[in-house]
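To start, the structure itself, in structure tokens.
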């Protein structure tokens, strides 16, 4: 196998004096869905912000197709194919649904293909077509998540970073969003790095996964192997108390490769 599409090596980033991610290394191969699991405060969002240029790392490298891109601004990242769908969606609430989608294509030079790609997005999210001229801020949370993903697709990304796509959504909507994520990967060949707390649905969707705790990667492997892991079942699928999880976590801490 050749160079990974995205390769993170020994990355460290700080929030003020606090080290939020500590020596993180991971890879995403072209065509994969890779998930990063972890509780609140594990460092997942900091990792995403560092990859896409919102935060600068203290040390370590971020490589896209073998080229180091750490420390570049977000505009550089978008123009080179990294698009983030942020936690909380961050759509433009006073703009129409369609104008939000057009904003996703602002870096593109193939203007003649934008209309066709908007129709492609509507094919995956028919409710957005029904509400194309509606202010985006009036959409439900699930519809806003669909719009955020659709806006990301409009940039024609090499890799899409999805930060907590299930946040605030019902189990039914979460299932629907992840089903579309899987379809986009299969049908549109979109490579994805997905940060998620819902371990079950993330591992059911992904090809490969990593687990973050306290800013570090503590486990990694093919998604099916992680699903079978007793650590995952106990720590992330609710089969032990939090006290038992913490005790075992420190006793049996390990990293898979």
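We did not get these values from a lab; they are worked out from the coordinates using the rules stated. None of these values were measured; they are calculated from a predicted model. Positions of Cβ are generated from backbone atoms using ideal geometry, with glycine treated the same way; all protein chains shown enter the neighbour counts.
Per-structure values
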| item | result |
| --- | --- |
| Gap separating the Cα centres of the stretch 173-203 and the stretch 76-110, nearest whole Å | 19 |
| Estimated 222 nm signal from helices in the chain, with DSSP H stretches of n ≥ 4 weighted -39500 (n - 2.57), rounded to 500 | -11000 deg cm²/dmol |
| Tensor-based shape of the stretch 1-99 (alpha-carbon gyration tensor, a/c under 1.5 rounded, otherwise prolate or oblate) | oblate |
| Cα gyration tensor shape of the stretch 101-197, rounded if a/c is under 1.5, else prolate or oblate by comparing a/b with b/c | oblate |
| Among 13, 140, 112: highest mean-square fluctuation, GNM of the chain, C-alpha pairs under 10 Å | 112 |
| Rg and Dmax of the stretch 3-42, Cα atoms only, in Å | 12.3, 37 |
| Burial ranking of peptide ranges 145-157, 67-79, 223-235 (average Cβ count within 10 Å, highest at the top) | 145-157, 223-235, 67-79 |
| Sequence ranges 176-188, 36-48, ranked by mean other-Cβ count within 10 angstrom, highest first | 36-48, 176-188 |
| Kirkwood Rh, angstrom, the stretch 49-174 [1 / mean 1/r, Cα pairs] | 15.2 |
| Descending principal axes extents, the chain, alpha-carbon based, whole Å | 56, 39, 38 |
| Most fluctuating residue given options 173, 26, 101, as computed from a GNM of the chain linking Cα atoms under 10 Å | 173 |
